[in-house]
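The values are calculated or read from the model by the stated rules, or taken from the named source; none is laboratory data. Treat the numbers as computed from the prediction; the structure is a model and nothing was measured. Every residue, glycine among them, receives a Cβ derived from its backbone with ideal geometry; neighbour counts consider all protein chains shown.
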Amino acid sequence: MKTEVGLTAITIYLKDYQAPHYALEHTDLHVELLSDCAEVSATLRFKRAASAPKDAALTLLGADLELLSVAWNDQPLSADDWQWQGETWQFNGAGEGGVLSTKVRIYPDKNLALEGLYRSHGLYCTQCEAEGFRKITLFPDRPDVLSTFRTTIVADQASCPVLLSNGNCVASGKAENGRHFATWEDPHPKPSYLFALVAGDLAVLRDSFTTASGREVALEIYTAEVDQDKCDHAMRSLQTAMRWDEQRYGCEYDLDRYMIVAVSHFNMGAMENKGLNVFNTSCVLAHPATTTDAGFQRVEAVVAHEYFHNWSGNRVTCRDWFQLCLKEGFTVFRDQQFSAEQLSPVVQRLEDVAFLQTHQFAEDAGPLAHAVRPESFVEINNFYTLTIYEKGAEIARMLHTFLGAEGFRRGSDHYFKTYDGQAAIVEDFLSSMAIANGLAVDTFVCQWLRWYRQPGTPVVRVTSAWHADSKTLSLTLTQSQTSHAGVTPEPLPIPVRLGFIGETGELTTTLASVSASSHQLLLEKAEQTWHFSQVEQAPVLSLFRDFSAPVRVQAALSDEDLARLIRLDSNSFNRWSATYTLATREILALAEQYRRGDVRARQPQDSALAGALAAMWPALATSDPALASKLLQLPNLAYLSDQVSCYDPAALQRAREALLLQVLTPLEGSLQSILANEHMLTPYVYSAAAMAARSLEAVALDALARLQPEAAATMAQRWLSVAPHMSAEQAALTTLVHQQLPGADAAVQAFYARWQHEPLVLDQWFATQASAPHASARNTVEALLQHDDFDAAVPNRVRAVVGQFASNNPVAFHDMAGKGYDLLAQQLLLIDARNPQLASRLAGALGIWPKLDPARQACVLKTLDALLNESLSSDTRETLTRIRAAHD
Ligand code: ARG
Ligand code: ZN
């Protein structure tokens, strides 16, 4: 939050970037943690950059600091010697360079924004990315200023026995009055956003890792004592990730220690501070009794993600925050690759794609759309988005697809070697890929940079013609993009992987004298045509296999064509994708009939999807249970909302349920026999096979709830009473509550009684109720907000209630009279006053408004205007202003 003197929001532009005038050679910090405040002394050694003018000012940044003293080369300075405006502090007498010493006082206990140095359940911790370090001390707080750090922490020994910072511990010992100290040295130059400090009473799980070159690294996971039994999975994930990065990317760890600290009050998932990661408890703790399969997977992915940042982010960092995707997009791609190799590659890919299509496509189509590398921002915290992370990862993936695994590795090797220890830009990443693969650099960079510069999801239109006499097929692909202010779209390089499906299976066809069952093209012009030969029969095209590019595809596939893909495509991803397309088509048609009051809507329909699944699903459930369970999870309302021009949640919900019933009815026997297996009730094993079996049974239970509610209720109760792990308990609770089965209320009470001492389980308990897809959930949410265990200071709890309601419960949130929007607005004001980042993120839910009907639109606009009249943080104001400015 920019709190200074009520300045109006300042927009920062990429085009205004200027290199820093002074380099920082070394940072020495001394942090005294006192009973009601902290005093931070900083000694900073500066040197004027060769390129800087002789009279250049030394510019530092500071926010919410009480300045106690400033000296330049040991001479005290007074307020006349510097200018301080907003967050910017300037000193004109720095000359060639010298040493600046400052001392400031800050208040970690009062820091509710959870940015900078704050306290979480008695534990001191920091969050500096993106611009939190300036709330700890006066500093050149920008990612292109890198220095070595030496940090001394002094605190009360009894309440803070553990004192941690980045790097290696070089000294520790007793201080006066029951206090003690520790000094840490980080030899790797780093920007301030990677600084971390932790102090408190923590227990530790220790293990080790031997790097490829034989160095021994101590691994430590710090948590509250009670959570030590939940660290094994994170430790194993860390070791696996360290080995993986050596083998796949040639990246080895570079310090003697790697520490992870679990913190219960945290605005995001986790943070990659050098050698000292800070994690939301939800992303590090895992135990079969308290954590679901999804939770285990998330821990593994996030531990890997933060570890991978050690190279993609820390050794090679970002020049400025416009380049955020350089570290985030690339690192998400790396963690997706890693996760795919741990469990099931297909399930991983289709989950990642469903997530992108559901949430990032909507972001890109709505008022908060922005480029993967934006040209401007007001509050950088608002740009930790799905577009930067997920679309950014898809761009890295397309480069991987286009260059091949080996070509991509040559490029990443070149990138890590060339830019090690530096702050890079997106162009450096792209040029590395080109140079290492002998491609023309300028052309390559210019072409691929378009993906980073042009917001919006491209559309690819497909037309094809098969010629029976010549057995040839011509394929024409046309790409288009909507233009956004300031950028004229130019054609993108779009990798297209495709195959041809005949009546009984995949065909081998020939393109440019290469015969294969799968081909790869690069669409790089507005329109291009390819000619395939030896196409023996009229095929159905299996396009964009494994989602080879993040585009919307418009292809004239009939229901029968899609059904053929569902049955016969060798690409499992595309089988799933065909069910999604067909389900979407049928749900939208049904909803449209409801809207028009069409009588046919009340009669049994023929569903091509139901027919296709009835024919193949029972066998698939045995041969590939993971894919089978995914095929029954029809697109949710969030996904569907992106597919329509006018979004009516209640109508879509009704249509979706109707289709689901048609799909499930013929499968009842099969579902019953799946449930009879009771894999769910066997002890927990973390493996792809065990998770697939559990996921299939969870889907079957949810299905049974629609066909035989009494039987499903009995089974859910049984799972709850004998469940050997949380995956079974959570599946049973969700089905009972979301399907409103008999005994749901009692189950909710019993679950609470059993788990009220476990915060992360309680978060799930809150979330399950807040996301129950019924209009009545709004009242439930009102009650949950009054619950003794609701704590507005804990972001996880707020997200479990308010976030789930606003973003994962469309039926209740989009109340016709606008009561859902009112509820969100009230909460936003309360939350924004203490935690702007959290409020701003929750406010994003209102970005859906241009899709709504006129009555609901009017309600949202009223809510937006009322909120914008209040005093708000710059974070939340920027988000609401951008949402308000949308026009259809
Ligand atoms: N860099 C962190 C990651 O691993 C996330 C930091 C988010 N920071 C923020 N201000 N929202 O993705
Ligand atoms: Zn990251």
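Return yes when Ser282 is in a helix (DSSP H, G or I), away from ligand 2 (no atom under 12 Å from the Cβ) and closer than 30 Å to Arg754 by Cβ and no when it is not. So Ser282 passes the test. Against the conditions (1) within 13 Å of ligand 1 (Cβ to nearest atom); (2) surrounded by fewer than 24 Cβ atoms within 10 Å (Cβ to Cβ), His309 satisfies every one except (2).
Among the numbered criteria (1) within 16 Å of ligand 1 (Cβ to nearest atom); (2) out of contact with any Pro (no Cβ under 9 Å at 6 or more places or on another chain); (3) closer than 26 Å to Ala199 by Cβ, which one does His265 miss? In the conditions (1) within 16 Å of ligand 1 (Cβ to nearest atom); (2) out of contact with any Pro (no Cβ under 9 Å at 6 or more places or on another chain); (3) closer than 26 Å to Ala199 by Cβ, His265 misses (2) alone. Here the stretch 364-386 is the region considered, the condition is being β-branched (Val, Ile, Thr) and surrounded by fewer than 23 Cβ atoms within 10 Å (Cβ to Cβ), and the residue that is farthest from Phe544 (Cα to Cα) is Val378. Give the number of residues within the stretch 150-177 that are buried (at least 16 other Cβ atoms within 10 Å of the Cβ) and either within 23 Å of Ala203 (Cβ to Cβ) or modelled with pLDDT under 95 (or both). Of the residues in that region, 12 qualify.
If only residues of the stretch 2-24 that are within 17 Å of Ala63 (Cβ to Cβ) and exposed (fewer than 14 other Cβ atoms within 10 Å of the Cβ) are counted, the one that is modelled with the lowest pLDDT is Val5. Restricting attention to the stretch 507-527, the residues being outside any loop (DSSP other than H, G, I, E, B) and in contact with a Gly (Cβ under 6 Å, 6 or more places away or on another chain) number 0. Could you please let me know if Arg334 is more than 16 Å from ligand 2 (Cβ to nearest atom), part of a helix (DSSP H, G or I), basic (Lys, Arg) and out of contact with any Pro (no Cβ under 7 Å at 6 or more places or on another chain)? It is false that Arg334 is more than 16 Å from ligand 2 (Cβ to nearest atom), part of a helix (DSSP H, G or I), basic (Lys, Arg) and out of contact with any Pro (no Cβ under 7 Å at 6 or more places or on another chain). The single residue among Arg461, Arg410 that is over 23 Å from the mean Cα position of the chain (by Cα) and without any contact (Cβ under 8 Å) to a residue 40 or more places away in the chain turns out to be Arg410. Once the stretch 746-787 is narrowed to residues that are without any contact (Cβ under 8 Å) to a residue 24 or more places away in the chain and closer than 24 Å to Lys819 by Cα, the residue that is surrounded by the fewest Cβ atoms within 10 Å (Cβ to Cβ) is Gln786.
Among residues of the stretch 375-402 being part of a helix (DSSP H, G or I), among the hydroxyl-bearing types (Ser, Thr, Tyr) and away from ligand 1 (no atom under 12 Å from the Cβ), the one that is nearest to Ala270 (Cα to Cα) is Thr387. Confirm whether Ala234 is within 16 Å of ligand 2 (Cβ to nearest atom), crowded, with 18+ Cβ neighbours inside 10 Å and either among the small types (Gly, Ala, Ser) or not in a loop (DSSP other than H, G, I, E, B) (or both). In short, no. Scanning the stretch 479-506 for residues that are outside any strand (DSSP E or B) and among the hydroxyl-bearing types (Ser, Thr, Tyr) yields Thr482, Ser483, Thr488, Thr504.
Within the stretch 807-830, not a single residue is in a loop (DSSP other than H, G, I, E, B), among the aliphatic types (A, V, I, L, M) and touching a Leu at 6+ places or on another chain (Cβ under 9 Å). Taking the criterion of being without any contact (Cβ under 8 Å) to a residue 40 or more places away in the chain and among the basic types (Lys, Arg), would at least one residue in the stretch 246-266 satisfy it? The answer is no; no qualifying residue exists. For beta carbons closer than 6 Å, sequence separation of 6+ or different chains, a first residue in the stretch 840-867 that is polar (S, T, N, Q) and a second that is surrounded by 15 or more Cβ atoms within 10 Å (Cβ to Cβ), the qualifying pairs are Ser840/Asn382; Ser840/Asp875; Ser840/Thr876; Ser840/Thr879; Gln857/Trp849; Thr863/Tyr821; Thr863/Ala825.
Taking the listed residues Ala304, Ala354, Ala371, the one that is at negative phi, more than 13 Å from ligand 2 (Cβ to nearest atom) and part of a helix (DSSP H, G or I) is Ala354, with no other qualifying. Under the condition of being more than 25 Å from Cys169 (Cβ to Cβ) and of a type in the set (Ser, Thr, Tyr), which residue from the stretch 268-294 is farthest from ligand 1 (Cβ to nearest atom)? Per the criteria, the residue is Thr290. Annotation: Val302 fulfils all but one of (1) of a type outside the set (Phe, Trp, Tyr); (2) more than 10 Å from ligand 1 (Cβ to nearest atom); (3) within 18 Å of Leu386 (Cα to Cα); the unmet one is (2). Residues that are farther than 19 Å from Asp763 by Cβ, within 16 Å of ligand 2 (Cβ to nearest atom) and out of contact with any Leu (no Cβ under 8 Å at 6 or more places or on another chain) within the stretch 242-271 comprise Asp245, Tyr249, Cys251, Met271, listed in sequence order.
Listed here are the residues, each with its yes/no results for (1) farther than 23 Å from Ala405 by Cβ; (2) modelled with pLDDT under 95.
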position	(1), (2)
Ser480	yes, no
Thr488	yes, yes
Val496	no, no
Phe500	yes, no
Gly505	yes, no
Leu541	yes, no
Pro550	no, no
Gln554	yes, no
Arg564	yes, no
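Can you name the residue in the stretch 422-469 that is in a strand (DSSP E or B) and among the small types (Gly, Ala, Ser) and, of all such residues, is nearest to His484 (Cα to Cα)? The residue in question is Ala424.
What about Ser312, is it within 21 Å of Ser213 (Cα to Cα), touching a residue at least 12 places away in the same chain (Cβ under 8 Å) and under 19 Å from the mean Cα position of the chain (by Cα)? When the stated conditions are applied, Ser312 passes them. All of Leu681, Leu631, Leu620 fail the test of being touching a Ser or Thr at 6+ places or on another chain (Cβ under 6 Å) and either under 21 Å from Leu356 (Cα atoms) or modelled with pLDDT of 95 or more (or both), apart from Leu631.
If we scan the stretch 408-416, do we find a residue that is touching a Leu at 6+ places or on another chain (Cβ under 7 Å), crowded, with 19+ Cβ neighbours inside 10 Å and among the aromatic types (Phe, Trp, Tyr)? Yes, there is a match, as at least one residue in the stretch 408-416 is touching a Leu at 6+ places or on another chain (Cβ under 7 Å), crowded, with 19+ Cβ neighbours inside 10 Å and among the aromatic types (Phe, Trp, Tyr). In the stretch 320-338, the residues that are free of Cβ contacts under 8 Å to residues at least 40 places away in the same chain and more than 21 Å from Gln18 (Cβ to Cβ) form Cβ pairs under 8 Å with partners that are among the hydroxyl-bearing types (Ser, Thr, Tyr) and away from ligand 2 (no atom under 11 Å from the Cβ), at six or more places apart or across chains, as follows: Lys327/Thr317.
Here Gln348, Gln323 are screened, and the one residue that is more than 10 Å from ligand 1 (Cβ to nearest atom), part of a helix (DSSP H, G or I) and over 17 Å from Glu129 (Cβ atoms) is Gln348.
When residues of the stretch 685-721 are filtered for being under 13 Å from Ala731 (Cβ atoms) and surrounded by 17 or more Cβ atoms within 10 Å (Cβ to Cβ), how many remain? Result for the stretch 685-721: 20.
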